[in-house]
Amino acid sequence: MKNDIQDSTGNIFLDLGYSREDAEILKMRADLMAEVRRWISDNSLTQAEAAEVLQVSQSRISDLVRGKWEKFSLEMLIVLAMRSGFNLTLSKVA
């Protein structure tokens, strides 16, 4: 059995065969979720404290911390990132 190793495009979702548009949206969602999760961890917040700051229920924070990305739209993750103090920008790929 031969193992084929291919270089990554830098977007796992594109590598998995998603369309370019879908892959970018999925990557943005994954990146935003990771940043908000890191913010919660870096600030040693309990789920209840994070929920209060982010203005969502504790169960939503539980879903976020557990990586249930399918429960979060890109728009919701942008809102959570902004409430976490992130300044979001969009740039054109060269």
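Structural remarks
- Hits in the range 63-76 - residues which are closer than 21 Å to D22 by Cβ, part of a helix (DSSP H, G or I) and in contact (Cβ under 8 Å) with a residue 12 or more places away in the chain: W69, L74
- The residues on offer are R38, R29, R60, and the sole one that is basic (K, R), in contact (Cβ under 8 Å) with a residue 24 or more places away in the chain and assigned to a helix (DSSP H, G or I) is R29.
- Criterion (touching a helix residue (DSSP H, G or I) at 6+ places or on another chain (Cβ under 7 Å) and either farther than 26 Å from T9 by Cα or not basic (K, R) (or both)) met by exactly one of R66, R83: R83
- Single unsatisfied condition, R29 versus (1) basic (K, R); (2) surrounded by fewer than 16 Cβ atoms within 10 Å (Cβ to Cβ); (3) in contact with a helix residue (DSSP H, G or I) (Cβ under 7 Å, 6 or more places away or on another chain): (2)
- Of note, V79 does not satisfy the criterion of being in contact (Cβ under 8 Å) with a residue 24 or more places away in the chain and assigned to a helix (DSSP H, G or I).
- Residue match in the range 12-20 (condition: part of a helix (DSSP H, G or I), of a type in the set (D, E, K, R), within 18 Å of the chain's Cα centre (by Cα) and loosely packed, with under 10 Cβ neighbours inside 10 Å): no
- Of the residues making up the range 82-92, just one is surrounded by 12 or more Cβ atoms within 10 Å (Cβ to Cβ), out of contact with any Phe, Trp or Tyr (no Cβ under 6 Å at 6 or more places or on another chain) and in contact (Cβ under 8 Å) with a residue 40 or more places away in the chain, namely F86.
- Candidate set from the range 41-57 (those that are in contact (Cβ under 8 Å) with a residue 24 or more places away in the chain and assigned to a helix (DSSP H, G or I)); member that is surrounded by the fewest Cβ atoms within 10 Å (Cβ to Cβ): V53
None of the figures in this text is laboratory data; all of them are computed from the coordinates on show. If you're wondering where the values come from, they're calculated on a predicted model, not measured in any experiment. When we count neighbours, we look across all protein chains shown, and the Cβ atoms used for this are built from the backbone with ideal geometry, even at glycine.
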